[in-house]
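Here's the structure, in structure tokens; my notes come after.
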Amino acid sequence: MHLTLRLNKSLSQILKNKLKSPEVLSNLNNDELKVKIGLEIHARILSKTKIFCDANCFDLVNTPVNSNVSFFDAALPGTMPSLNRRCVDASLLTALALNCQINSMSFFERKHYFYADLPAGYQITQQKCPIALNGLFKYPVINPKTHKLTYKECKIMRIQLEHDSARTLQIDNLEFKLNDSQKLPRNSVLIDLNRAGMGLMEIVTGPDFEEAFDCYSFARELALVLRSIGTCDAQMGEGGFRVDVNVSVHQMDKSTNPPTVLPGVRVELKNLSSFNAILKGTEYEIRRQKELIRKKEPIRLETRTYDTTNGKTVSLRSKEDQYDYRFMPEPNLLPLIIHSKNLKPHGLKCQNNKELILSEEYLDNLEFYKNHADFCCDLDKVKEEFQNKVLPSQRRNYLVSKYSMTNENAFVFVANNLDHILNELVSTRNKELSHDVLRLYIRVLLTEYLNQVNENNDLDKIDFKVKCNKIESYVELIRNKLISRRISLTFFKKLFELKNIDKMAHELAQEENLFIIRDENLIKKTLEKLSEQNPKAINEYKNKEKKRTKIFDFFVGRVHKELRDVADPELVDHIVQTYLKSLL
Amino acid sequence: MARAKSIHLISYINFRQYSKFIPEAPTWDLIAPKRIKKISNIELKKLEKCSMLTIDEKIANDLNDAINIVERMCNANVTNEIKSHIYYEHLGSCELREDNQKLFPYENADKTREKILQNAAYTYEDYFVAPPSKSK
């Protein structure tokens, strides 16, 4: 009895120790944790004037502070909003590109909160009934391990129009005097209203993502689509394309059939300044939440941001106290009516897919507004405009069908706008395009040119036609084997330097004496000179069989170095081999 | 209780059937329903803790009344989804402005900036200066 008790005691002690050990703590494996990620994208609309006023909104970076500001942006009393037609058209084009249902009638609301970047104390947005709902977006994902391309789908919950807030500059620990007697309070904020009032499209996705790489791929593809249809320049660095990521990790209750997903805590990631930050920030946040769940620690409802220096997310503010935005209809903006032959005012949907009903009198009045140019927003005209746009998926399909490219290569081409260059090269070629030349074009664009895209900051300054001509001349040199493959990369880099902007490839090769050397006598003389300078290596080659490969490589390398890498590599190999064998 | 009779109501609302506990017209007189829900003392204590309020007899009675009013709505037959209504009469459509259309002739950007900044309490190198505020 005592023995059994002792054994049981020791067993319980072992169990207790095991419970404290990390192996038991992390018994929740990845199958029992479900990740849900949703995105909110704020895309700045490309337009000449702002959404609710006529202040200019171009060249935000170089415009002096507070100079593209109207009285409405500064919320001066008595000013009224005036909706920009271009912003409505841009949101409709985006809705068509994302396969959304367009509401024939949408409303504007005020979202109230007090902050220095919002002079009026409220933002005009669309909350109850936005301009578009219920879309579906297909985006490509390249598997980082297998490099295979697959397509995934994501639901677009809503697209709504709103305006941007002002730009703020935080002044920390910087005291400066306004005049001799006054001092500004610490941590004052400087406000620039140039950005205030610019049109934004808020695109909200469903919580359909489960991996950080999918979010990254989606954001990149969406940016490409918006650039293709001309509604947004999608420059993340300048704040024209802001992505907020909502991450929640849920435990699965496997005792039920089917397993149920238990509620989780949603953490928002904001102020992500690049696509890489979206990827790294989301990856870190998923790991962090999984770790907290495994340790049975609570996850706080908060807003975080990604610190690129330290490679982790940090807390910005808590969201435990939910802010009441006190939404109310915008009294200065009437409902936005979209007219179309196929769009009936009935069947109008708002959030949660609830249907709205209009009175008969109102429906009768709509006919008047349909025929009045100032009030009419014609969806059919926007659809015609959309037909002339070429989406990234269409560009990829064209490359695959016309040039027999793989899907993966087509993806890289379109992502880096290389297909425009390829089409230009092919169209300007007077002679018939052979399969070898086409392969060469594709190879050069995917390797040498893509290298330049990543490294050369001056590439954008070179005219498109000049770029195509340079690439064409370079390909001619390669095809005719007039340049050694050992210097092809460095030669290409030199070709695209600003100082060589006017030179084609053969001109540069002539100027710098970079044409391939096939003079056997010259190579032999160089080799003989090197062998006189390295008698030890020659003796080793004669006497030590095991070192012959190494010595062969040594002489090949030295010959190339002497001839500045422009000698024909195959010829050099042949001559060195023949020479060394003759010594035996 | 009378059922909804008037035709104009039916034209707006499809197939809605009223429970006999719901009066035909709005009224202040609360007719006691058959089942009266009452909050138990334990639940009241929990509410006190969550709300950090002291719930006395009056508040408890008001709470019970409020719950019972809502309880009647739960008795309404809403098997066919009730649609929300928006009634816009004599209102129009939002007027749209062309992208390059100027509403007022601005003299130039500098004068507009001057006018906008002149009411600011503090400015610094043409920036507005705002005191530190609580994050949104």
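The values are calculated or read from the model by the stated rules, or taken from the named source; none is laboratory data. The structure presented is a predicted model; accordingly, all values stated were derived computationally and were not measured. Positions of Cβ are backbone-derived with ideal geometry, glycine not excepted, and every protein chain shown enters the neighbour counts.
Quick notes
- Members of the range A:130-157 that are outside any strand (DSSP E or B) and buried (at least 19 other Cβ atoms within 10 Å of the Cβ): A:Pro130, A:Ile131
- Odd one out for A:Thr447, checked against (1) surrounded by fewer than 15 Cβ atoms within 10 Å (Cβ to Cβ); (2) closer than 13 Å to A:Glu472 by Cα: (2)
- Scanning the range A:74-90 for residues that are within 7 Å of another protein chain (Cβ to nearest Cβ) and of a type outside the set (A, V, I, L, M) yields A:Ser82, A:Asn84, A:Arg85, A:Arg86.
- Criterion (surrounded by 19 or more Cβ atoms within 10 Å (Cβ to Cβ), farther than 30 Å from A:Gln235 by Cβ and within 11 Å of another protein chain (Cβ to nearest Cβ)) met by exactly one of A:Ile337, A:Ile293: A:Ile337
Results for (1) within 14 Å of chain B (Cβ to nearest Cβ); (2) not β-branched (Val, Ile, Thr), shown as yes or no for each residue.
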| site | (1), (2) |
| --- | --- |
| A:Ser248 | no, yes |
| A:Ile286 | no, no |
| A:Glu297 | no, yes |
| A:Ser318 | yes, yes |
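- Qualifying residue in the range A:255-276 (condition: within 11 Å of the chain's Cα centre (by Cα), of a type in the set (Val, Ile, Thr) and either closer than 18 Å to A:Ala212 by Cα or surrounded by fewer than 16 Cβ atoms within 10 Å (Cβ to Cβ) (or both)): no
- Residue satisfying all of: in the range A:542-584; among the small types (Gly, Ala, Ser) and under 46 Å from the mean Cα position of the chain (by Cα); surrounded by the most Cβ atoms within 10 Å (Cβ to Cβ) among these: A:Ala567
- Checked against (1) touching a residue at least 12 places away in the same chain (Cβ under 8 Å); (2) more than 28 Å from A:Pro140 (Cα to Cα); (3) outside any helix (DSSP H, G or I), A:Glu472 passes all but condition (3).
- Set A:Leu7, A:Leu60, A:Leu11, A:Leu83: member being farther than 30 Å from A:Phe209 by Cα, surrounded by 17 or more Cβ atoms within 10 Å (Cβ to Cβ) and at pLDDT below 90: A:Leu60
- Screening the candidates A:Phe58, A:Phe72 for the property of being touching a residue at least 24 places away in the same chain (Cβ under 8 Å), in contact with a Lys or Arg (Cβ under 9 Å, 6 or more places away or on another chain) and of a type in the set (Phe, Trp, Tyr) yields one hit, A:Phe72.
- Residue list for the range A:113-129, filter: touching a Lys or Arg at 6+ places or on another chain (Cβ under 6 Å) and part of a loop (DSSP other than H, G, I, E, B): A:Tyr113, A:Tyr115
- Against the conditions (1) over 18 Å from the mean Cα position of the chain (by Cα); (2) touching a residue at least 24 places away in the same chain (Cβ under 8 Å); (3) within 20 Å of A:Ala212 (Cβ to Cβ), A:Thr146 satisfies every one except (2).
- Meets criteria (out of contact with any helix residue (DSSP H, G or I) (no Cβ under 6 Å at 6 or more places or on another chain) and either surrounded by 14 or more Cβ atoms within 10 Å (Cβ to Cβ) or touching a residue at least 60 places away in the same chain (Cβ under 8 Å) (or both)) for A:Asn480: no
- A:Leu527 being under 15 Å from A:Arg564 (Cα atoms) and not in a loop (DSSP other than H, G, I, E, B): yes
- Qualifying helices (runs of 4 or more DSSP H) (wholly inside the range B:6-75; at least 3 residues being at pLDDT 65 or above): B:41-51, B:57-75
- Checking every residue in the range B:90-111 against the condition of being at pLDDT 65 or above, more than 8 Å from chain A (Cβ to nearest Cβ), in contact with a helix residue (DSSP H, G or I) (Cβ under 9 Å, 6 or more places away or on another chain) and over 23 Å from A:Ser188 (Cα atoms) gives zero matches.
- Filter result (touching a His at 6+ places or on another chain (Cβ under 9 Å) and among the aliphatic types (A, V, I, L, M)) within the range A:527-584: A:Val566, A:Ala567, A:Val572
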